[in-house]
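To start, the structure itself, in structure tokens.
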Amino acid sequence: MKLHTFILACLLTVLNLLPRDVVAADTPYKILIGFPSLAFSYMPFYVAQEKGIYKKYGIESEYIQMATGIQPQAVVAGNINYLTSVSTGISAAVAGLPLAIVISFCDVSPWVLVTHKDINKPQDLIGKTVALSGLRSSPYYFFHAFLKKSEIGEKDVSTIYTGGTADSFRALTTNRVVGTILTPPFDDKAVSLGYKKFMQLGELADIPYVGLVTSQNELKSNRESVRRTVTAVMDSVAWLRANRADSVKMIVDKFKVNQQEAESTYATLMRILNKDGRLNPKVARGYLDILRQERSIPADYDPMKHADFSLLPRG
């Protein structure tokens, strides 16, 4: 009995001398992340799960498909731990939900208006129907910026909401609509099926893209879990940069596209990923100007108060 007590005491002493992170690494955390549909911009998350990077940091992950619009409430209610649309997170936080952006790894958006080949000018869309992933989603705002630039009234073009990029692609290719807003590799896949890229929309508006958004409560009560998750996702971004061939193969397999389409998608991903996982303040302020078109927001409102990048890896 004394020997057992002595051994236990020695073990406790060793554990107390170990760094906290080493001890904590044996404690798995279960996280749930909401995604609207399959999309190339979520590649860091696919890599984290499929290449064992979450596991390295003691994270067990599950991805839940749900419409973007309901994700902020789901995060606050604790039904999921994270959402990935930074623009949705900011919009909901400005509206009063206690959310925090902990990663924003894209500074620009690669959205493209893809149409039937017989759409030759913006006015050809009048009286026709375009698919968007959701109300007040990034495609929604980019398409309305396109209409404004083209001097076309919002009521002159009908829209349907599909729930996600993959579903918008299906709406186009089943001829339910004459156009939609897509990202790679769906835009190149549509071109291979006889559709055309009508216009790049990313420069028409400042809209944050993809990252990681959680609740203020999650940050306070499960900070170690959030830290590990942030580190794992940023490690996955680094893995994508360092493993071009494997990344391209992953895109081919996951999105059922050919090698050329996958190479193009990978190149776009490398172009839009930023270096540090932080939200560009200019983009955040520009997005507030878009939100002001539909709600009152004080002129001196600082959207960066909804960001907490303290858990990002240094260097």
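The values are calculated or read from the model by the stated rules, or taken from the named source; none is laboratory data. These numbers come from a predicted model, not from an experiment. Note that each Cβ is placed from the backbone with ideal geometry, even for glycine, and that neighbours are counted across all protein chains shown.
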Restricting to the stretch 115-169, and then to whatever is without any contact (Cβ under 8 Å) to a residue 60 or more places away in the chain and touching a Gly at 6+ places or on another chain (Cβ under 6 Å), can you tell me which residue is nearest to Pro208 (Cα to Cα)? Tyr161
Considering the stretch 283-315 alone, what residues qualify as being of a type outside the set (Ser, Thr, Tyr), over 17 Å from Pro208 (Cα atoms), within 23 Å of the chain's Cα centre (by Cα) and at pLDDT 95 or above? Leu311, Leu312
Identify all residues within the stretch 260-277 that are over 21 Å from Thr84 (Cβ atoms) and surrounded by fewer than 21 Cβ atoms within 10 Å (Cβ to Cβ); write none if there are none. Gln260, Glu263, Ser264, Ala267
Return the residue satisfying two criteria in turn: it lies in the stretch 24-41 and is at pLDDT 90 or above and hydroxyl-bearing (Ser, Thr, Tyr), and of such residues it is farthest from the chain's Cα centre (by Cα). Tyr29
From Leu132, Leu113, residue being farther than 15 Å from Ala205 by Cα and surrounded by 18 or more Cβ atoms within 10 Å (Cβ to Cβ): Leu132
For the stretch 33-92, please list each of the helices (runs of 4 or more DSSP H) lying entirely inside it that holds at least 1 residues being over 29 Å from Val257 (Cα atoms) and small (Gly, Ala, Ser). 71-77
Exactly one of (1) at pLDDT 95 or above; (2) under 21 Å from Thr84 (Cβ atoms); (3) touching a helix residue (DSSP H, G or I) at 6+ places or on another chain (Cβ under 6 Å) is unmet by Arg241. Its number? (3)
Return the only residue of Leu201, Leu172, Leu212 being of a type outside the set (Val, Ile, Thr), under 11 Å from Val112 (Cβ atoms), in contact with a Leu (Cβ under 9 Å, 6 or more places away or on another chain) and buried (at least 22 other Cβ atoms within 10 Å of the Cβ). Leu201
Check off (1) among the aliphatic types (A, V, I, L, M); (2) outside the structural domain of Gly127 (by TED's automatic domain parsing); (3) assigned to a helix (DSSP H, G or I) for Ala190 and give me the number that stays unchecked. (2)
Subset of the stretch 230-247 [surrounded by 19 or more Cβ atoms within 10 Å (Cβ to Cβ) and closer than 19 Å to Pro185 by Cβ]: Ser236, Val237, Leu240, Ser247
With of a type in the set (Ser, Thr, Tyr) and closer than 21 Å to Arg241 by Cα as the only criterion, which of Ser264, Ser310, Ser296 stands out? Ser264
Does Val257 fit the bill of being outside any helix (DSSP H, G or I), buried (at least 21 other Cβ atoms within 10 Å of the Cβ), out of contact with any strand residue (DSSP E or B) (no Cβ under 9 Å at 6 or more places or on another chain) and not assigned by TED's automatic domain parsing to the domain that holds Ile126? yes
Filter the stretch 125-140 down to the residues that are over 16 Å from the mean Cα position of the chain (by Cα) and either in the same structural domain as Ile290 (by TED's automatic domain parsing) or within 30 Å of Met66 (Cα to Cα) (or both) and list them by number. Leu125, Lys128, Thr129, Val130, Ala131, Leu132, Leu135
Those residues of the stretch 22-73 that are charged (D, E, K, R) and within 23 Å of Thr265 (Cα to Cα) come to a total of 2
Listed residues Val233, Val210, Val226; which is touching a Pro at 6+ places or on another chain (Cβ under 6 Å), of a type in the set (A, V, I, L, M, F, W, C) and closer than 18 Å to Val86 by Cα? Val233
I want to confirm something. Restricting to the stretch 296-315 and keeping residues that are part of a loop (DSSP other than H, G, I, E, B) and touching a residue at least 24 places away in the same chain (Cβ under 8 Å), which single residue is surrounded by the most Cβ atoms within 10 Å (Cβ to Cβ)? Leu311
Quick one: which of Ile251, Ile290 is surrounded by fewer than 19 Cβ atoms within 10 Å (Cβ to Cβ) and either touching a Pro at 6+ places or on another chain (Cβ under 8 Å) or in contact (Cβ under 8 Å) with a residue 60 or more places away in the chain (or both)? Ile290
